[in-house]
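One structure is given below, represented as structure tokens, and several questions about it will come after.
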Amino acid sequence: MSRKRPKHNSNEVPQITWNRAARIFHHALPPKALEEQQFDHMPDKLWQLSQTPYPKIDFSDLWYYLGDLTYCELQQDLFDYLFPVCLMDWHFTLMRDESCQHEFEFHRAMRNGNIFQKMMNNDQRQEVFEFFRDSFLERLDSESESVTSTSVRLKPKWIYRFNSLGMVMPRIDLIWCPWWEMETLGRAVAALEYLSGLMYLEGDNPLFREQKRALPLIFANDSMNFDAGWLEENLDFLKQELTVDFFQSSLSRAVRRLHGHQLENIAQQFLDDLPICRDLVAARIEELPCLLAEAQPDRWTGRFTY
């Protein structure tokens, strides 16, 4: 079933703040008692974490709670106070291109603990989805800072986080649609990076010419989820959206959006190379949903190995 494309004013991304994260859970106060059985038998540590004001929390201490999210029966008032901490850690690690793993890993906890269904009402789920969307768009908007006059300096690790989110949030379209409208330079750069992973073999990618073995693996993720890949809803959406025609029209849009930008010539080279790369693009578009359906996909098939 096709979805109605979400409306979003891409030029006005609401800020990600502690206040916004806490507001989703009605600015919950620290719990007055600890009833939850801490997974690693360290209730004192979990209690200490639950009584710490947000600005003073050490994110590395989240491992005392992420194990509970993954495996335990959860205490609602404790969840309402600590889940905003998880959200802010998700945001900050995304912006730093780091994994949000603290012994236990956030996306595995969300999937294994069925957190969206067990611990949130419909309104809270939607607000968390929008939190992820706006955090991700903020990250994409910063991608224009990663380029030099001839290439991209860094691996686009945001792709890994995008794929991890596809495992737990059944509305990946909320990110995809405003991203591919390319209303900011950062989103156009990100689009070019993503498309390059479908278009070039290793060592041929002009966008990463300084990193010969850094071809973006657009099926990779930064999750420790070893059981299942993308949610079916997201796979269905991607199959509908990502076609050869979409690829070509998006590449043309990126070229127009990057006119006058440092990457203008490389974007034009992509467009010039497309006729000879079209078969590879088509084959990878067909295979990508199959790889994303796996928890830890390995590589493209032998039809187009590096």
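The values are calculated or read from the model by the stated rules, or taken from the named source; none is laboratory data. Note that this is a predicted model, so its numbers are computed, not measured. Neighbour counts run over all protein chains shown; Cβ positions are idealised from the backbone, glycine included.
Among the listed residues 232, 193, which satisfies the condition of being on the phi < 0 side of the Ramachandran plot and without any contact (Cβ under 8 Å) to a residue 24 or more places away in the chain? Give the derivation first.
Details: 193 fails: without any contact (Cβ under 8 Å) to a residue 24 or more places away in the chain.
Only one candidate qualifies: 232.
Among residues belonging to the stretch 276-298 that are in contact (Cβ under 8 Å) with a residue 12 or more places away in the chain and more than 19 Å from residue 228 (Cβ to Cβ), point out the one that is surrounded by the most Cβ atoms within 10 Å (Cβ to Cβ).
Only one residue fits best here, namely 284.
Quick one: is residue 161 at pLDDT 90 or above, outside any loop (DSSP other than H, G, I, E, B) and under 12 Å from the mean Cα position of the chain (by Cα)?
In short, yes.
Can you name the residue in the stretch 106-154 that is farther than 30 Å from residue 267 by Cβ and either of a type in the set (Lys, Arg) or at pLDDT below 90 (or both) and, of all such residues, is farthest from the chain's Cα centre (by Cα)?
118
Ok, one more. Yes or no: the stretch 224-234 includes at least one residue that is part of a helix (DSSP H, G or I), modelled with pLDDT of 95 or more and surrounded by 18 or more Cβ atoms within 10 Å (Cβ to Cβ). Don't jump to the end; show me each part of the working.
Kept after step one, since they are part of a helix (DSSP H, G or I), are these residues of the stretch 224-234: 232-234.
Now drop any that are not modelled with pLDDT of 95 or more, which leaves 232-234.
With surrounded by 18 or more Cβ atoms within 10 Å (Cβ to Cβ) added as a condition, the list becomes 234.
Within the stretch 224-234, one or more residues are part of a helix (DSSP H, G or I), modelled with pLDDT of 95 or more and surrounded by 18 or more Cβ atoms within 10 Å (Cβ to Cβ).
Can you pull out the residues in the stretch 39-98 that are within 23 Å of residue 114 (Cβ to Cβ) and aromatic (Phe, Trp, Tyr)?
Those that are within 23 Å of residue 114 (Cβ to Cβ) and aromatic (Phe, Trp, Tyr): 39, 63, 64, 65, 71, 79, 81, 83, 90.
Further, regarding this structure: Let me confirm something: among 256, 187, which residue is in a helix (DSSP H, G or I), touching a Lys or Arg at 6+ places or on another chain (Cβ under 9 Å), over 21 Å from residue 283 (Cβ atoms) and modelled with pLDDT of 95 or more?
On the way: 256 fails: touching a Lys or Arg at 6+ places or on another chain (Cβ under 9 Å).
So the residue among 256, 187 that is in a helix (DSSP H, G or I), touching a Lys or Arg at 6+ places or on another chain (Cβ under 9 Å), over 21 Å from residue 283 (Cβ atoms) and modelled with pLDDT of 95 or more is 187.
In the stretch 178-204, which residue that is hydrophobic (A, V, I, L, M, F, W, C) and under 15 Å from the mean Cα position of the chain (by Cα) is surrounded by the fewest Cβ atoms within 10 Å (Cβ to Cβ)? Talk me through it step by step, then tell me what you get.
Within the stretch 178-204, the subset hydrophobic (A, V, I, L, M, F, W, C) is 179-180, 182, 185, 188-192, 195, 198-199, 201.
From what's left, under 15 Å from the mean Cα position of the chain (by Cα): 179-180, 190-191.
Details: 179: 25, 180: 20, 190: 28, 191: 23.
Among them, the one singled out is 180.
Examine the stretch 117-129 for a residue that is under 23 Å from residue 253 (Cα atoms) and either touching a residue at least 60 places away in the same chain (Cβ under 8 Å) or not aromatic (Phe, Trp, Tyr) (or both), and state whether such a residue exists.
no
Right, next: Could you pull out the residue among 248, 262 that is modelled with pLDDT of 95 or more and surrounded by 13 or more Cβ atoms within 10 Å (Cβ to Cβ)?
Numbers: 262 fails: modelled with pLDDT of 95 or more.
Only one candidate passes the filter, namely 248.
For every residue, the table says whether it meets (1) in a helix (DSSP H, G or I); (2) at pLDDT below 95.
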residue: 27; (1), (2): no, no
residue: 31; (1), (2): no, no
residue: 37; (1), (2): no, yes
residue: 40; (1), (2): no, yes
residue: 45; (1), (2): yes, no
residue: 52; (1), (2): no, no
residue: 55; (1), (2): yes, yes
residue: 67; (1), (2): yes, yes
residue: 70; (1), (2): yes, yes
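Quick grid of which residues meet (1) aromatic (Phe, Trp, Tyr); (2) modelled with pLDDT of 90 or more; (3) in contact with a helix residue (DSSP H, G or I) (Cβ under 9 Å, 6 or more places away or on another chain):
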{"position": "239", "(1), (2), (3)": "no, yes, yes"}
{"position": "243", "(1), (2), (3)": "no, yes, yes"}
{"position": "269", "(1), (2), (3)": "no, yes, yes"}
{"position": "277", "(1), (2), (3)": "no, yes, yes"}
{"position": "281", "(1), (2), (3)": "no, yes, yes"}
{"position": "284", "(1), (2), (3)": "no, yes, yes"}
{"position": "287", "(1), (2), (3)": "no, yes, yes"}
{"position": "295", "(1), (2), (3)": "no, yes, no"}
{"position": "305", "(1), (2), (3)": "no, no, no"}
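Go through the stretch 114-136 residue by residue and tally those that are surrounded by 20 or more Cβ atoms within 10 Å (Cβ to Cβ) and more than 13 Å from residue 90 (Cα to Cα).
The total comes to 1.
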